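Some notes on the structure that comes next.
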Amino acid sequence: MDLRKILDTAPEPAIVDAQTMGVSGDTSGDYWLPAPMCLYQKELSEQIVSLHYSDILKYFETKDFNQDVVLHSMQTMCLNSEFVATHPYLLIDHFVPKSLITKDIPGHLAETSGKFSVLRDLIALVQDYDTDTAIFCRPGRTMDLLEALLLGNRVNIKRYDGQSIKTKQKPKKFSCTCHLFPSAEKDLVNKGLDAKGHFDMLLCLDPTVDTNAEHVQHVLKYHRPRRGQGSTTPIVRLTTINSIDHCELFFGKKATRASKEYLTSVTAAVVVLRDVVGTLPPDLRPIYSQNLRYLIEWLEDPNISWPLPDVYPIKTYTPMDVERSLLTEVRYNQTDDNLQVGFQSGKKRGRKPNSAGLKGEDLISYYMSKRLKNDYSTNPLKQKMGQLTGIAIKNDSGSVNYHLSGGLLTHRLIQLITGAYDDLEGQSSELEHFQDMESIQLNHLETLTKDYNDIRRQLEEATNSIQTNERESREFLSSSEKEHENIEIITKEIESLLKTLKSRDSDSALLAEVLIETIDVQEEIEREKRLTISRETEYKYMEEEIIRADSSISTTAKQKEDMVKEIELLQRQVESGLKEGIINSQNTDERIKSITILLDEEKESVKKLEQQLSDVTDQLAKINPTGTRSANFGNRGKQRGHYNN
């Protein structure tokens, strides 16, 4: 016993036995390997849920929302949570190092992701064996980060999607080879697999891997026997515990991924379990603190049972649980794993549990300790619903009114109260409307009652008449049948009498023939009488029709005469009108001619006047202005002498 080594190094935590751990002895070949989360991943998970706070409430508490928008928001939240559960750099790309091939990158990637840390420890156990390990993950950045992590292990890397991050590398030959396959590859069957033999293990890095797909089955059965033991490759699913990976793995066995039930169960579990996301149970922590060396026995012989417990079941949470979780503050500490801190710390532990991990830190005040535990008097979580809202309920844990027994005033309760008030207001308005319409409805009721009574009376009368007619028809039918029977009897008697009469002698036979002919003649006479009566009826009808036609012809002739007289009168009026029009037109023509002659005469006179005016104008223009007065006086003397003469 090396006491110096025992005293100078941190003690290794003891691993509990398989029965205490809950190992079921599963040998199905499809196992899960839970992984923790680092503090950064937990905080990102909380932030993702907080960003979708309003859409989560709409999805779980109401029905009047835009279906496409809210469903897309829930799917986006789940996708981002998957990215963070695998590695934060898949979502927060501005923290991704510029170069992924430096020596410190594998350690850095393992520090920032619990799943990558578990994968590094698992590959470190496998790298010493001559094996081929298949790893399926999302194509693109996920495969780049996975290749960068594997560069820190002594393994050969063969990538079947995209371009390797380290293009210029020296050829190295290690015993272990890791084959990186994309989960969405469809043409993998047609491509060649560069493997020495069958694959010893298949690792699923994220929940996008469908092990029932054709390309995955091709890898599982590659170079393996068709039947018997070892016919398929064992599958190990790296699953972040209490995260969306865990939820999808558990609920994926109960419902299809495209169903609403699956989305509701996964989303509710992601929201409610975010305070314990990535936190391993105490029974599994010693295994991870020893870098998964506990799995060496299974890695050497995969045919034995899986040494870890089966998938931990997850409760199906209600909308009340989701809202309670959203109203609860979630905080994470770097020293969340107190058991691991206790084993890794070199200080002595005191009497109080976990005191070694808390020494050297600042003492938390009484108020802060109570606040972190939400242990204060005004916290709604510490009060009953009846005390908080004043609503008295008989049973606080009733399943029907679960929203009243949550111990806090929730959005669901406020919505139900608002809906109750709206329903009460609507019912009150309907009641007032019914009261206003009562008199009108009473009048309608009286009218309908009266109509109903009338219809009922008419129905009774019609029923009685139908019954009477049926009774009379039955009587007529019975009487007609009796008459018909009597006629048949009489006919038979007559026939028998005639036969008897014919059989006596020749005179009797002759007499019988005469009787038969007489009967035929009587029938012909009756037939002729009937024909005569019908013809007389037709004759009377034709006489009436002829009389009616004669009257209509006389009426039409009289109308024709009246129409002829009217036409002649109208023709005379038209002719007189034409004559008067001709006379008027002649008079008008004469007047036009006389007016035209007068206009011509007036035009001639106007022309003469214009000519005289032009002559006078010319004479005035020829007169000398200096001799105007003498000329005028001389002209006056001449004019006087002329007048005197």
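The set of residues from segment 154-174 being assigned to a loop (DSSP other than H, G, I, E, B) and aliphatic (A, V, I, L, M) comprises Val155, Ile165. Only one of the numbered conditions (1) in contact with a helix residue (DSSP H, G or I) (Cβ under 6 Å, 6 or more places away or on another chain); (2) at pLDDT 85 or above is violated by Asp30, and that is (1).
Just give me the residues in segment 110-131 being of a type outside the set (S, T, N, Q) and closer than 15 Å to Pro36 by Cβ, in sequence order.
Passing the criteria: Ala110, Glu111, Gly114, Lys115, Phe116, Val118, Leu119, Arg120, Asp121, Leu122.
Would you call Lys103 among the charged types (D, E, K, R) and within 30 Å of the chain's Cα centre (by Cα)? Against the criterion (among the charged types (D, E, K, R) and within 30 Å of the chain's Cα centre (by Cα)), Lys103 does not qualify. Quick check on my filter: what residues within segment 299-313 are of a type in the set (Val, Ile, Thr) and surrounded by 14 or more Cβ atoms within 10 Å (Cβ to Cβ)? Once the filter is applied, which keeps residues that are of a type in the set (Val, Ile, Thr) and surrounded by 14 or more Cβ atoms within 10 Å (Cβ to Cβ), segment 299-313 yields only Val311. When restricted to residues that are among the hydroxyl-bearing types (Ser, Thr, Tyr) and at pLDDT 50 or above, segment 595-645 contains 5.
Taking first residues from segment 505-521 that are more than 13 Å from Ile494 (Cβ to Cβ) and partners that are among the aliphatic types (A, V, I, L, M), the Cβ contacts under 8 Å between residues at least 6 apart in sequence or on separate chains come to Ser508/Leu501; Ala509/Leu501; Leu511/Leu501. Among the residues of segment 238-252, some residue qualifies, meaning at least one is surrounded by fewer than 19 Cβ atoms within 10 Å (Cβ to Cβ), outside any helix (DSSP H, G or I) and at pLDDT 90 or above.
Across segment 175-189, what is the number of residues that are assigned to a loop (DSSP other than H, G, I, E, B) and either at pLDDT 80 or above or touching a Ser or Thr at 6+ places or on another chain (Cβ under 6 Å) (or both)? Count: 4.
Of the residues screened, Ser24 is one that is touching a Ser or Thr at 6+ places or on another chain (Cβ under 9 Å), assigned to a loop (DSSP other than H, G, I, E, B) and more than 23 Å from Phe116 (Cα to Cα).
Can Gln19 be described as among the polar types (S, T, N, Q), part of a helix (DSSP H, G or I), surrounded by fewer than 20 Cβ atoms within 10 Å (Cβ to Cβ) and free of Cβ contacts under 8 Å to residues at least 40 places away in the same chain?
yes
Residues in segment 494-501 include none that are of a type in the set (S, T, N, Q), exposed (fewer than 10 other Cβ atoms within 10 Å of the Cβ), in a helix (DSSP H, G or I) and modelled with pLDDT under 90. Got at least one residue in segment 57-77 being surrounded by fewer than 19 Cβ atoms within 10 Å (Cβ to Cβ), under 18 Å from Asp206 (Cα atoms) and among the aliphatic types (A, V, I, L, M)? Checking segment 57-77: not a single residue is surrounded by fewer than 19 Cβ atoms within 10 Å (Cβ to Cβ), under 18 Å from Asp206 (Cα atoms) and among the aliphatic types (A, V, I, L, M). Please specify each residue of segment 121-143 satisfying the condition of being part of a helix (DSSP H, G or I) and farther than 14 Å from Asp206 by Cα. Of everything in segment 121-143, those that are part of a helix (DSSP H, G or I) and farther than 14 Å from Asp206 by Cα turn out to be Asp121, Leu122, Ile123, Ala124, Leu125, Val126.
The rows are residues; the columns are (1) of a type in the set (Val, Ile, Thr); (2) at pLDDT 95 or above; (3) over 30 Å from Glu297 (Cβ atoms).
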position	(1), (2), (3)
Glu46	no, no, yes
Tyr59	no, no, yes
Thr62	yes, no, yes
Asp93	no, no, yes
Lys103	no, no, yes
Arg138	no, no, yes
Thr142	yes, no, yes
Gly152	no, no, no
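The values are calculated or read from the model by the stated rules, or taken from the named source; none is laboratory data. Just so it is clear, the model here is predicted, and its values are computed rather than measured. All Cβ positions, glycine included, derive from the backbone under ideal geometry; neighbour counts span all protein chains shown.
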